[in-house]
Amino acid sequence: MRCKRERVIFLQQTEIAVVGGGPAGLAAALEAVKMGCQVTLIDRHAFLGGQLVKQTHKFFGSSKQYAGIRGIDIAKRLAGDLDSGPGKVSLELNTTVLGYYDDGVLLVEKDERVSPLFPERIIVATGAMEKMLLFRNNDLPGVYGAGAVQTLMNLYGVVPGCRVLMIGAGNIGLIVSYQLLQAGVEVAAIVEGDTRIGGYLVHAAKVQRSGIPIYTSHTILEATGENCVEGAVICQVDEKWQPLAGTEREIAVDVICLAVGLTPLTELLRQAGCEMYYVPELGGYVPLRDENMQTTLPHIFVAGDAAGVEEASIAMVEGKIAGISAAGSLRSCTKIDGLLEACRQELHELRAGDTGDKSRRGLEKLRKTMEKRKYAEKDESTGLLRA
Amino acid sequence: MRVIQHPILHFQRGREIKFTFNGRELTGYEGETIAAALHASGVRALGHSPRLNRPRGFFCATGNCSSCLMKVNGIANVRVCITPLQEGAVVEVQKGKGDILATD
Amino acid sequence: MLKKTKVPAFYEHKNGLPHAERMLQGPFALIECYQRIPCDPCQYACPREAIKTFQDINDLPEIDYDRCNGCGRCLSKCPGLAIVIIDSTFSLQEGLVKIPFEFLPLPVAGDVVEALNREGRVVCRARVLKVENAQWQDRTPVIWLTVPKEHVLDVRNLRLIQGDERDGGRYNCLPL
Ligand SMILES: Cc1cc2nc3c(=O)[nH]c(=O)nc-3n(C[C@H](O)[C@H](O)[C@H](O)COP(=O)(O)OP(=O)(O)OC[C@H]3O[C@@H](n4cnc5c(N)ncnc54)[C@H](O)[C@@H]3O)c2cc1C
Ligand code: SF4
Ligand code: SF4
Ligand code: FES
């Protein structure tokens, strides 16, 4: 990056800074504004909506919210709500939050200019980042993350290649395969290391009836090709995901798409010093937080995939909770407890299904850790030694 | 290769834009990134890894991974996956780690 | 079996099919949604309250076949594209199957196409009776297919017949 001489540095203030304009951040900003707070919403992209702007399929969830509506249209509605809302959210698009300083200042970059922002509360809704997978030649051009494939084809209308091998049969792998078919790209197969399909079966059925085989208990061994992907070697694996010798076979493809999971984007939370905890069920390291989405630092809140990788419907409710709690810590309002309780009930319902068991396990771990921590704090305040 | 027709989306492409890749003239559209325009023209290998000199393409397309560093208008280490295409851009494969002070 | 590589087999599940008598009485919805997921648009879509009220958003949809008249509202609202309408009374030899289809090129009424099963294999040929693509269906067209009666429970997808010149339009890029 070039240095600019004529830098003007002035400290901007706001009551609540929301980092990330996906469903979680949008919901948070909206609630906080409703409660009369001054809110600054920041996203590094030129548009609002986060992951939603690439989701061409109709979403699941509650009819009371946005079920049955395509992700792209949910993004538009949420952004519209923000415009027509009761108060004004100051929007900072094309703006990246680079870092957090001890004194509570966020370092914000826009148009190659860096400036500080001093919020009284911060809501981190930065979403998640794709995981990588180890295999030979995984750095060849043509090995793309599922999000990249979506960006290319659904945002820019450029096909990623002619024939794709999808790695991962979770919801993302299944949906992106379906979207590839819609964009007129052949999908050779979907490969999944687990013994079963992880994503929703109705999504699996969509691709299967188009003739795409889903190979469970399989993995990719290597990408082949000189300068770009020209093929992939896949093989069967045992229960411990170890390759079974003699089961290798090569498939001719020019794109290998990785949909092997997401991990929360938590750099800002780490820099700030929020306590983190490793919960594989939620995608990796997640910030410790309570029911009100408050982290271990009282002025920092978290919501959405950054708090643990789940779903857009859940991200929105978490965003609401974070927005209400953050605003509630600045403004007194009698309705808060009731609002929060309703949100928590909604979350409970959204997570109650067969596919929610992973989240439930992960969240239980988080809850226990938070509890232990509370005891330890109490001990300290009574002068007793930490356990 | 571009998506010509799509059952859900309608792509409104902007103005046509001319740019060069390693001296070769290519066209893209206003509003897309350099990486998207290159990909649409069939360019998938964007550079080489600095140490082992292995070919590199993009991976994340959101500016997270730095797999897509190229030299654009003389400036090295530009993440082309998030950089908008501009008229007359000179896009080149970068050698090694790129010269951060170069202003040629 | 459901969760492995196999496709859902409706007859394994109790919410699968109406009894034989009902099947011969006219159109009905077949909902192939066998996993507790947080989703409920089908229930709210039904104007006849034929889909039992959910106690919990994760409930499996269950149809009261005495109420369902196969109108297809639920089909177009289901984000899982998990619902088809079946009418075994269409004609003496043929049954009618209505399926959601979100691909291009769209067939047109009068076309003969290949009818595919849940695994994407060709089971028979089908005639396209009608293509519904109204605004309220939000880009999920519904294709009405007439197929030999014995196949009404198998048909879930379609493909233009190979050699149909429009078939090239399926790909934006020639397959490898
Ligand atoms: C293929 C696919 C299909 C999906 N389908 C469904 C579905 O059917 N139903 C469902 O409920 N969910 C679905 N999801 C999940 C859903 O999209 C996510 O759970 C949801 O988008 C998470 O919302 P979020 O706001 O936490 O994060 P995101 O949507 O990821 O938004 C985060 C935003 O923060 C910005 N950001 C990050 N860091 C910074 C920074 N430092 N400075 C400024 N901005 C920053 C990012 O650019 C981004 O815009 C799907 C996801 C994928 C990938
Ligand atoms: S087909 Fe019509 S009547 Fe039958 S369940 Fe669906 S919406 Fe209700
Ligand atoms: S709308 Fe479709 S996917 Fe959702 S519960 Fe009903 S049948 Fe299942
Ligand atoms: S592809 Fe990851 S930064 Fe550009």
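Here's a check for you: in region B:1-33, which residue that is over 30 Å from residue B:94 (Cβ atoms) and of a type in the set (S, T, N, Q) is farthest from the other protein chains (Cβ to nearest Cβ)? Here the residue is B:12. The residue that is least open to solvent (accessible area, probe 1.4 Å), among those in region B:48-72 that are within 10 Å of another protein chain (Cβ to nearest Cβ) and polar (S, T, N, Q), is B:49.
The combined condition, being away from every other protein chain (no Cβ under 12 Å) and either part of a helix (DSSP H, G or I) or under 21 Å from residue A:323 (Cβ atoms) (or both), is fulfilled by residue A:41. Taking the criterion of being in contact with a Pro (Cβ under 9 Å, 6 or more places away or on another chain) and within 16 Å of ligand 1 (Cβ to nearest atom), the residues of region C:36-54 that qualify are C:39, C:40, C:41, C:42. Modelled with pLDDT under 95 and open to solvent by 30 Å² or more (accessible area, probe 1.4 Å): does that describe residue A:372? Criteria met by residue A:372. Taking region A:340-358 as the range and being at pLDDT 95 or above, surrounded by 14 or more Cβ atoms within 10 Å (Cβ to Cβ) and either of a type in the set (Ser, Thr, Tyr) or over 30 Å from residue C:34 (Cα atoms) (or both) as the test, only A:340 passes. With respect to (1) under 22 Å from residue C:153 (Cα atoms); (2) buried (at least 19 other Cβ atoms within 10 Å of the Cβ); (3) within 16 Å of ligand 2 (Cβ to nearest atom), the lone exception for residue C:66 is condition (2). Of all residues in region C:71-108, those being surrounded by fewer than 21 Cβ atoms within 10 Å (Cβ to Cβ), within 13 Å of ligand 2 (Cβ to nearest atom) and in a loop (DSSP other than H, G, I, E, B) number 2. Count of region C:27-52 residues, restricted to those that are within 12 Å of chain A (Cβ to nearest Cβ) and part of a loop (DSSP other than H, G, I, E, B), is 9. Among residues of region C:138-150 being more than 14 Å from every other protein chain (Cβ to nearest Cβ) and open to solvent by less than 40 Å² (accessible area, probe 1.4 Å), the one that is farthest from residue C:125 (Cα to Cα) is C:146. Contact list please: Cβ distance under 9 Å, first residue in region A:58-69 and under 19 Å from residue C:75 (Cβ atoms) and more than 7 Å from every other protein chain (Cβ to nearest Cβ), second residue open to solvent by 20 Å² or more (accessible area, probe 1.4 Å) and part of a loop (DSSP other than H, G, I, E, B), pairs at least six apart or on different chains. Within 9 Å, the pairs are A:69/A:59; A:69/C:138.
Going through A:20, A:61 one at a time, which residue ends up being buried (at least 19 other Cβ atoms within 10 Å of the Cβ), of a type outside the set (Lys, Arg) and modelled with pLDDT under 90? None of the other options fit; the residue is A:61.
Scanning region C:60-70 for residues that are out of contact with any helix residue (DSSP H, G or I) (no Cβ under 8 Å at 6 or more places or on another chain) and either in a strand (DSSP E or B) or within 11 Å of ligand 3 (Cβ to nearest atom) (or both) turns up C:60, C:62, C:63. In this structure, is residue A:127 more than 10 Å from every other protein chain (Cβ to nearest Cβ) and either over 27 Å from residue B:44 (Cα atoms) or out of contact with any strand residue (DSSP E or B) (no Cβ under 8 Å at 6 or more places or on another chain) (or both)? For residue A:127, the condition - more than 10 Å from every other protein chain (Cβ to nearest Cβ) and either over 27 Å from residue B:44 (Cα atoms) or out of contact with any strand residue (DSSP E or B) (no Cβ under 8 Å at 6 or more places or on another chain) (or both) - is not met.
Scanning region B:57-75 for residues that are among the hydrophobic types (A, V, I, L, M, F, W, C), more than 9 Å from ligand 4 (Cβ to nearest atom) and modelled with pLDDT of 95 or more yields B:70, B:72. Of the residues A:204, A:188, A:146, the single one that is open to solvent by 10 Å² or more (accessible area, probe 1.4 Å) and either more than 9 Å from chain B (Cβ to nearest Cβ) or touching a helix residue (DSSP H, G or I) at 6+ places or on another chain (Cβ under 7 Å) (or both) is A:188.
Residues that are surrounded by fewer than 19 Cβ atoms within 10 Å (Cβ to Cβ), modelled with pLDDT of 95 or more and not polar (S, T, N, Q) within region B:11-25 comprise B:15, B:16, B:18, B:23, B:24, B:25, listed in sequence order. Taking the numbered list (1) outside any helix (DSSP H, G or I); (2) more than 9 Å from ligand 1 (Cβ to nearest atom); (3) open to solvent by less than 30 Å² (accessible area, probe 1.4 Å) in turn, residue A:121 passes all entries but (3). Considering only region B:35-55, I want to know if a residue exists there that is hydrophobic (A, V, I, L, M, F, W, C) and part of a strand (DSSP E or B). So far as region B:35-55 goes, no, none of its residues is hydrophobic (A, V, I, L, M, F, W, C) and part of a strand (DSSP E or B).
Of all residues in region B:1-33, exactly one satisfies the criterion of being in a strand (DSSP E or B), closer than 30 Å to residue C:141 by Cβ and of a type outside the set (Phe, Trp, Tyr), namely B:2.
Among the conditions (1) in a helix (DSSP H, G or I); (2) more than 8 Å from chain B (Cβ to nearest Cβ); (3) under 18 Å from the mean Cα position of the chain (by Cα); (4) buried (at least 24 other Cβ atoms within 10 Å of the Cβ), the only one that residue A:177 does not satisfy is (3).
Any idea which of (1) away from ligand 3 (no atom under 16 Å from the Cβ); (2) open to solvent by 20 Å² or more (accessible area, probe 1.4 Å); (3) farther than 18 Å from residue A:132 by Cα is the one residue A:311 doesn't satisfy? Failed condition: (1).
None of A:11, A:48 is near ligand 1 (Cβ under 8 Å from one of its atoms) and among the aliphatic types (A, V, I, L, M) except A:48. Checking each residue in region A:149-159 for being buried (at least 24 other Cβ atoms within 10 Å of the Cβ) and more than 7 Å from every other protein chain (Cβ to nearest Cβ) picks out A:149, A:150. Which one is nearest to ligand 1 (Cβ to nearest atom), of the residues in region C:55-81 that are more than 10 Å from chain A (Cβ to nearest Cβ) and among the polar types (S, T, N, Q)? The qualifying residue nearest to ligand 1 (Cβ to nearest atom) is C:55. Residues in region A:144-160 that are more than 21 Å from the chain's Cα centre (by Cα) and more than 16 Å from ligand 4 (Cβ to nearest atom): A:157, A:159. Considering only residues in region B:80-101 that are of a type in the set (A, V, I, L, M), more than 16 Å from ligand 1 (Cβ to nearest atom) and in a loop (DSSP other than H, G, I, E, B), the one that is farthest from residue B:46 (Cα to Cα) turns out to be B:101.
The values are calculated or read from the model by the stated rules, or taken from the named source; none is laboratory data. If you're wondering where the values come from, they're calculated on a predicted model, not measured in any experiment. Every residue, glycine among them, receives a Cβ derived from its backbone with ideal geometry; neighbour counts consider all protein chains shown. Surface accessibility is based on the protein's heavy atoms, side chains included, excluding ligands, DNA and RNA. Shrake-Rupley method; radii C 1.70, N 1.55, O 1.52, S 1.80 Å.
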